[in-house]
Structure formats: structure tokens, C-alpha cells
2 protein chains.
Amino acid sequence: MKNKIQLTVDAVVFGYESGNISVLLVKRKYEPYKDGWALPGGFVFENENLEEAVQRELLEETGVRINYLEQLYTFGDLGRDPRGRVISVAYFGLVKPNAFKLQASTDAKKAEWFNIKKLPKLAFDHKKILKIAIERLQGKITYEPIGFELLDKKFPFSDLEKLYTTLLNREIDRRNFKKKITSLKVLDELDEKVSIGPGRPASLFSFNKKRYFQLKKEGIIFEI
Amino acid sequence: MKNKIQLTVDAVVFGYESGNISVLLVKRKYEPYKDGWALPGGFVFENENLEEAVQRELLEETGVRINYLEQLYTFGDLGRDPRGRVISVAYFGLVKPNAFKLQASTDAKKAEWFNIKKLPKLAFDHKKILKIAIERLQGKITYEPIGFELLDKKFPFSDLEKLYTTLLNREIDRRNFKKKITSLKVLDELDEKVSIGPGRPASLFSFNKKRYFQLKKEGIIFEI
DNA sequence: CATTATATGCGTATAACACACACAAATATA
DNA sequence: TATATTTGTGTGTGTTATACGCATATAATG
């Protein structure tokens with residue numbers, strides 16, 4: 001029995017910057033969907049693990065390097081790829097966009113961040129993949145701490161608040177929010193303040209890395 | 001580029017019966033791992049969706065038919081299959097064991113339920129797959145209602161309680177548990193009682209199907 | 001320099017929920 | 001008819017969630 005099923009990986013990489021959630025897309029250099037926008041990704045080599053494959057493709061096509069990508073879902077419907085039967089294992093990651101200089105090569109003409117509210121038409125079934133990834137991203141904040149990968153090393157509390165309001169897409173009460181975050185003991189308050197524009201200067205915080213990953217492992221129940 | 005990666009699906013089917021959680025395994029008819037126990041599953045045909053493939057394999061190898069299997073995870077590590085590079089998409093399902101007569105055929109010599117605490121040695125990386133499936137099963141009950149697929153149509157409340165104590169592997173307070181379940185409005189109390197053995201006869205309940213699937217969709221926060 | 005706008009930072013009161021806990025009711029069995 | 005066994009309910013207490021008001025520290029404005 002000759003196997004004609006092919007395997008790809010795709011990466012859904014979210015970035016966050018001052019109230020905007022963006023996703024990393026590439027412009028395809030070759031058919032099918034030539035010049036169309038798609039999630040970075042490509043065929044898995046026979047001698048590499050899935051995680052290695054998705055990291056390699058991401059680096060090749062966008063210049064972004066992430067050492068932790070979480071598996072999202074596997075898409076295998078008939079007809080999802082005009083080249084034939086192609087199954088894709090989708091991965092999921094979070095980064096600070098400004099930490100990378102985008103650089104396209106191999107199969108990609110260009111790599112770019114897109115605000116998730118202003119997406120172009122996407123190749124293959126990538127719209128569906130992205131939809132599921134966004135749901136996962138929003139769901140995550142109720143059972144995991146979030147922000148470490150998305151915020152600067154030092155940040156005012158309002159940055160974290162803004163991240164949550166952006167992800168939740170609604171206002172939250174800062175006082176109660178602060179109480180909850182404080183009770184998690186996941187933030188270290190620094191002896192430093194910033195003052196950008198009008199208003200009282202803000203203390204800077206950083207994530208307590210150890211505690212952060214402990215909570216991530218244990219899971220939290222966190223309804224805002 | 002010749003593609004040598006092959007794609008399989010595997011099914012982790014859990015059954016529950018009076019305090020026992022079991023999983024459905026098959027005895028392999030062919031090499032590799034001939035006569036070894038493994039999760040039901042096999043190669044995906046080129047012209048079928050992943051869900052169709054896993055349902056077909058499950059039916060062929062065990063006689064069990066499930067129309068809803070949830071995708072669990074995709075396993076693709078190098079060396080997980082001695083036949084070469086084989087990726088497996090694992091699925092996850094819940095049934096009442098007594099609803100089926102097990103019947104092995106095609107690649108399976110035999111199909112059998114195993115108590116998850118008394119598992120035989122498993123082929124491939126199926127031990128790892130099963131471990132992840134069990135974690136998922138236990139995790140599920142904190143964010144989804146559970147039981148509809150596992151209990152009889154009509155059941156005494158103690159059956160539901162027993163299911164939870166079994167899954168959680170600890171005692172729960174029946175009064176508080178009842179309060180929570182009641183507040184979810186997911187059970188309909190029937191005008192019927194059963195009396196098995198000594199003790200006060202128990203009212204029978206059934207799941208309110210509509211409400212059950214609504215909660216499943218919305219998600220619940222349910223710490224026992 | 002005084003006033004205003006803007007953002008941060010803290011505390012308290014009330015409602016909802018979680019959790020601990022004890023005893024009555026209805027049957028089978030001896 | 002007494003005993004064992006199982007079902008079935010209610011209340012108090014502590015913790016957590018939610019709502020809400022005001023003081024503080026700066027920049028911008030006139």
C-alpha cells in the first residue's frame with residue numbers, strides 16, 4: 001500500500017503590543033495560493049520531530065525563534081489542501097513582536113504581523129485554524145497565568161491589565177483584578193517607577209518566573 | 001521528494017461500570033508487537049477523514065461504535081514505531097461497556113476491557129498516550145459536565161456520586177455535591193424509585209440532555 | 001504658579017459560594 | 001422486631017467574588 005498522505009506543521013504565533021493582538025503570517029512564494037497569506041509552516045522531514053519541524057519552518061519563513069510551542073490541534077479533513085491529502089499539526093505560541101526582526105526566506109516572500117481584527121484572506125483552511133487558536137488563547141487565561149511571554153521584563157501593572165482587557169475584550173475592575181493577581185504571588189514589585197504622559201507614575205513589576213511556571217503547571221482557576 | 005511518513009489514528013475509549021474505569025485494548029494479530037496489547041487504531045486511508053478513520057478502526061477491531069470521539073493529541077516522535085516514521089492522531093471517547101459486545105477482527109485477535117489500574121504492557125508509545133488520556137479524563141470534570149455517556153439512562157444519584165469519586169479517586173461530600181449538581185439544573189428527577197439491596201430506595205434521575213450539552217459547550221467551573 | 005486632566009493605588013462593605021458537619025427516613029436482612 | 005444499610009436533607013461558618021469611592025502623584029494648560 002503506497003502512502004500518499006503528507007504531513008505538515010503550521011504555527012500560530014500570537015504577539016501582543018500595547019492593546020493589539022497580532023498574528024504572524026507569511027506571503028506564499030509558490031503555488032498553491034501563491035502570493036496568498038498563510039500561517040508559517042510546511043512539510044515535516046522524515047528525521048525530525050514535529051516540534052523541531054514547526055520551529056524550523058517558523059524560523060525559515062519568518063526569522064522568529066520560539067523554543068516553546070504548544071500543540072493546538074491536528075487538521076486532516078479531505079480537501080483542505082489542493083495538493084492532495086495533507087494533514088497538518090498546528091502549534092501555538094506567544095511572543096513579543098518587537099523582540100524579533102522579521103525575515104522571510106525559503107517558501108515565504110514576506111512575513112508580517114497582522115492585527116487579529118484586520119486579517120487578510122487566508123490560504124488553505126488557515127482561517128479555521130486561526131479561529132481555534134484564538135479560542136484557545138482566550139480560554140487559556142482562565143486556567144493558566146498569562147503574560148510572561150507577552151510583556152516586557154519590567155512593566156507597569158496597567159500593562160498586564162490592558163493585556164487582559166484586550167484578550168477578554170471587555171473592561172475589568174482594576175482593584176479586584178489587582179487583588180487576584182496579588183493573591184497569586186506571581187508578581188514581584190520592583191523599586192522602580194515609570195511615568196509616561198500624564199498621571200501618577202507607576203511602579204514596575206516583573207513576573208516571578210519560578211512561581212509563574214509553577215502556576216502554569218498546577219493550573220489556576222481564574223475568573224475575571 | 002518521496003514522502004515516507006505514515007499516518008495512523010488511535011482510539012482511547014474509556015468505559016465506566018460501578019466504580020471501575022476501564023479502557024478498551026486489542027491484542028495485535030500481526031507484527032510489530034504481535035500478540036501485544038495496544039490501543040485500537042490503524043492507518044488512515046487516503047479518502048477518509050481522521051474521525052472516520054478512527055471510528056472505522058475502532059469498529060473493525062473491537063465492534064464498538066462511537067459517533068463522538070474527541071481529538072486528544074498527535075504523537076509524532078521519531079522512533080515511536082518500529083515500522084518507520086509513523087505519526088498517530090489519538091482520539092478519546094467515553095462509553096458504557098455493557099452497551100457493546102466486543103468483537104475483534106482485521107488486525108486484532110481479541111478486544112478486551114482493562115481496568116486502568118491493571119493494565120498490561122502496551123505496544124508502541126501507547127502507555128504514554130493512555131497516560132495523557134487519563135489526565136484529560138480527570139481534568140474534564142472540572143470544566144465540563146460528565147456522566148451522560150457513562151451512566152444508564154436512568155440512574156440513582158449515588159451512581160453519579162460514585163462516578164465522581166472514582167474519577168477523582170477520593171471521597172466527596174454527598175450533600176455539597178448534590179447542591180452543586182442541583183444548581184446546574186442538569187438532572188431531571190423522575191417519578192420512579194429503585195431499591196437494590198438494603199437501604200432506603202433511591203429516586204431515579206436522568207440527564208437533561210439539552211442542558212447537559214449546553215453546559216458542555218459553555219463550560220463549567222466545577223471544583224469538587 | 002495654580003488649576004485641571006489623567007492615571008495609579010489602596011480599602012471596605014455586601015453578596016455569593018465553598019466547605020464542614022449530623023441526623024432522619026426507608027428499605028433488606030437476621 | 002431489631003439491626004444494618006443506604007438515601008436524603010439543612011444550617012452555620014469561613015472564604016472568595018464583586019461593587020464601589022477616594023486619595024495620591026504626575027503632566028498639561030492657562
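The values are calculated or read from the model by the stated rules, or taken from the named source; none is laboratory data. Computed from a predicted model, the values in this text were never measured in an experiment. Here the Cβ is made from the backbone with ideal geometry for all residues, glycine too, and neighbour counts use every protein chain on show. Ligands, DNA and RNA are excluded from the accessible area calculation, which covers all protein heavy atoms including side chains. Shrake-Rupley method; radii C 1.70, N 1.55, O 1.52, S 1.80 Å.
Structure above, values below:
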item: Projected area averaged over orientations for the stretch A:155-218, convex hull of C-alpha atoms, nm²; result: 5.0 nm²
item: Nm distances between copies for B:Lys210, ranked from closest, using label points 7 Å along Cα→Cβ; result: 5.4
item: Accessible surface, the stretch A:155-218, averaged per residue in Å² (probe 1.4 Å); result: 68 Å²
item: Greater than 30 Å apart at Cα, pairs in A:Lys209/B:Lys128; A:Lys127/B:Lys121; A:Lys101/A:Lys153; B:Lys117/B:Lys216; A:Lys140/A:Lys178; result: A:Lys127/B:Lys121
item: Nearest-first distances (nm) between copies at B:Glu17, label 7 Å from Cα via Cβ; result: 6.0
item: Scaled radius of gyration (Cα, divided by 2.2 N^0.38 Å) that the stretch A:18-77 gives; result: 1.24
item: Approximate shape of chain B as ellipsoid semi-axes (Cα gyration tensor, √5λ), whole Å, largest first; result: 36, 18, 16
item: For the stretch B:53-94, diffusion coefficient by Stokes-Einstein and Kirkwood Rh (Cα), 10 °C, 1.306 mPa s, µm²/s; result: 138 µm²/s
item: Sequence of B:Arg170, B:Arg175 when ordered by accessible area, the most exposed leading, probe 1.4 angstrom; result: B:Arg175, B:Arg170
item: Base-10 log of normalised Debye intensity for the stretch B:72-191 (one unit scatterer per alpha-carbon) at q = 0.13 Å⁻¹; result: -0.70
item: Computed log₁₀ I(q)/I(0) - Debye formula, equal Cα scatterers, no solvent, the protein assembly as shown, q 0.06, 0.13 Å⁻¹; result: -0.32, -1.28
item: Calculated [θ] (222 nm, deg cm²/dmol) that DSSP helices of n ≥ 4 give over chain B, each run adding -39,500 (n - 2.57); result: -8500 deg cm²/dmol
item: Axis-proximal residue, chain B, for the rotation superposing B on A (Cβ, Å); result: B:Thr74, 2
item: Solvent exposure, largest accessible area first (probe 1.4 Å, DNA, RNA and ligands not counted), of B:Thr106, A:Thr74; result: B:Thr106, A:Thr74
item: Karplus (6.51, -1.76, 1.60) ³J(HN,Hα), θ = phi - 60°, over the stretch A:114-128, in Hz, Gly and Pro reported as x; result: 10, 4, 5, 9, 10, 8, x, 5, 10, 6, 6, 9, 5, 5, 5
item: Relative contact order [Cα under 8 Å, 6+ residues apart], chain B, whole percent; result: 22 percent
item: Share of carbon and sulfur in the accessible heavy-atom surface of chain A [1.4 Å probe, %]; result: 50 percent
item: Cα-centred dipole magnitude for the protein assembly as shown, charges only on beta-carbon of K, R (+1) and D, E (-1), debye, nearest 20; result: 520 debye
item: Inter-label distance, nm, simple model (7 Å from Cα along the C-beta direction), B:Asn98/B:Ser203; result: 2.4 nm
item: Order by protection proxy (mean Cβ within 10 Å, highest first), peptides B:152-160, B:36-44; result: B:36-44, B:152-160
item: Other-chain or far-sequence residues with amide H under 5 Å of B:Leu190's (modelled H); result: B:Leu204, B:Phe205, B:Ser206
